[in-house]
Amino acid sequence: MYIFNITYVIPSKRKDSFIEWAKGEAQLAAASPVLRDYKVVTVAAIPGDKDFAKQDEKNFSVQMHFDSISDCREWNEKCFPTFMDSYAKWHGPNPLFFATILKEL
């Protein structure tokens, strides 16, 4: 199993809007025959950081599961631009994000 992970840094005041987008329009934009699962997760805590909950930014990840790395790459080529255009409509251009492909061991 491969996971195409996109992590965003979101201002706390935009948290609810981001979750609404990620669980709604973004999930529709991610749709693909090669997509096996779709999840939205957040960083709940950082060990040893007592002030983590008070930070002005929150980290969220959208995780899409695929059978192979070639399916991840296909999704990236065919769907990623539409997915990020959807983000721009909701939150503006130039998001603070990074994408990685993870492999489940």
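Of all residues in segment 55-103, exactly one satisfies the criterion of being open to solvent by less than 70 Å² (accessible area, probe 1.4 Å) and of a type in the set (Lys, Arg), namely LYS58. Against the list (1) among the aliphatic types (A, V, I, L, M); (2) more than 20 Å from PHE98 (Cβ to Cβ); (3) in contact with an Asp or Glu (Cβ under 8 Å, 6 or more places away or on another chain), the condition ALA45 fails is (3).
Name the residue that is nearest to THR82 (Cα to Cα), counting only residues in segment 37-54 that are open to solvent by less than 80 Å² (accessible area, probe 1.4 Å) and either in contact (Cβ under 8 Å) with a residue 12 or more places away in the chain or under 13 Å from the mean Cα position of the chain (by Cα) (or both). Out of the qualifying residues, it is TYR38. Taking the numbered list (1) closer than 14 Å to TRP75 by Cβ; (2) touching an Asp or Glu at 6+ places or on another chain (Cβ under 9 Å) in turn, PRO11 passes all entries but (1). Restricted to segment 1-36, and to residues there that are open to solvent by less than 40 Å² (accessible area, probe 1.4 Å) and assigned to a loop (DSSP other than H, G, I, E, B), the residue that is nearest to LYS89 (Cα to Cα) is GLY24. Considering the conditions (1) at pLDDT below 85; (2) outside any helix (DSSP H, G or I), SER61 is excluded by exactly one of them, (1).
The values are calculated or read from the model by the stated rules, or taken from the named source; none is laboratory data. Please read these numbers as outputs of a predicted model, since none were measured by experiment. Note that each Cβ is placed from the backbone with ideal geometry, even for glycine, and that neighbours are counted across all protein chains shown. For accessibility, only protein heavy atoms count, side chains too; no ligands or nucleic acids. Shrake-Rupley method; radii C 1.70, N 1.55, O 1.52, S 1.80 Å.
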